[in-house]
Amino acid sequence: MSMIRRDISMRYKGTFAGLLWSFVTPLLMLVVYTFVFGFIFKARWSESFPSSSEFALIIFPGLMVHGFFVDCVGRAPTLIVENSNYVKKVIFPLECLSWVVAGSALFQYLVSMLVLLVFMLVLKGYIPVTFPIFLIVVGAFVPFVVGCVWLVSSLGVYLRDIKHGIGVLMAVMLFVAPIFYPVEMAPDSLRWAINFNPLTIIVQQLQNVLIWGRWPEWLILIGYFLASCVFAKLSFVWFQRSRGGFADVL
């Protein structure tokens, strides 16, 4: 926990507002989304949900998930390289660095969720009773994210070019996910790509509990969690086997 707190504080070290930026940033982004999509583009989610003023609220949970993912995996390619001083310390568990990154990003995610909560109260006057269930949905996502950090951070030691490819992949995952549109709007021939995106299930379940006031699809969510745990375990095994060569490369 001390390393997570230090990582969070280092993000805003030297700034005037400090940790206040963690609240101000998502607040400003949500205001911008509301203005651009609601008042400029007058975007609508679907025919059954024609309100343009609340379009920003619908896309914000998906953007938060993608932001959480990018915050973690985007740092992964250089995570070990930037902490090379820990590599030669035999007693230091390098695998903990992934949890530090995830914990720091999760803090920002929870602050963004607080912003969403305030906006829902302002625009809609209420919050769904299913709102707190978002913690379970995000909890099912965390093992996958940590697994990605283990995998990418270990590969980043040996393949320095991976940091450039990760940025492109993150952008693709943003648009090949039902964040700005419902899955039903996509052509049938492309829906396989959307469903293959690991963000899709989490985005849909968060929209259910945060926006539509529905309970998550438990069987799908449990299956996702189990698959995430398996992926995290395999990534951890790879990380432990590859860490032996870190010191030689660094």
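The values are calculated or read from the model by the stated rules, or taken from the named source; none is laboratory data. All of these numbers come straight from a predicted model, not from anything done at the bench. Every residue, glycine among them, receives a Cβ derived from its backbone with ideal geometry; neighbour counts consider all protein chains shown. Surface areas here come from the heavy atoms of the whole protein model, side chains and all, with no ligands, DNA or RNA. Shrake-Rupley method; radii C 1.70, N 1.55, O 1.52, S 1.80 Å.
Just to be sure, is residue 123 more than 23 Å from residue 235 (Cβ to Cβ), open to solvent by less than 50 Å² (accessible area, probe 1.4 Å) and touching a residue at least 40 places away in the same chain (Cβ under 8 Å)? Spell out the reasoning first.
Numbers: more than 23 Å from residue 235 (Cβ to Cβ): yes; open to solvent by less than 50 Å² (accessible area, probe 1.4 Å): no; touching a residue at least 40 places away in the same chain (Cβ under 8 Å): yes.
No: the conditions fail for residue 123.
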Condition check for residue 219: exposed (fewer than 13 other Cβ atoms within 10 Å of the Cβ) and at pLDDT 95 or above: yes
Screening 242, 235, 189 for residues that are under 25 Å from residue 152 (Cα atoms) and modelled with pLDDT under 95 leaves only 242
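Any residue in the range 58-71 that is in contact with a strand residue (DSSP E or B) (Cβ under 8 Å, 6 or more places away or on another chain), open to solvent by less than 10 Å² (accessible area, probe 1.4 Å) and at pLDDT 80 or above?
Looking through the range 58-71, at least one residue is in contact with a strand residue (DSSP E or B) (Cβ under 8 Å, 6 or more places away or on another chain), open to solvent by less than 10 Å² (accessible area, probe 1.4 Å) and at pLDDT 80 or above.
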In the range 233-248, how many residues are within 24 Å of residue 84 (Cβ to Cβ) and among the aliphatic types (A, V, I, L, M)? 2
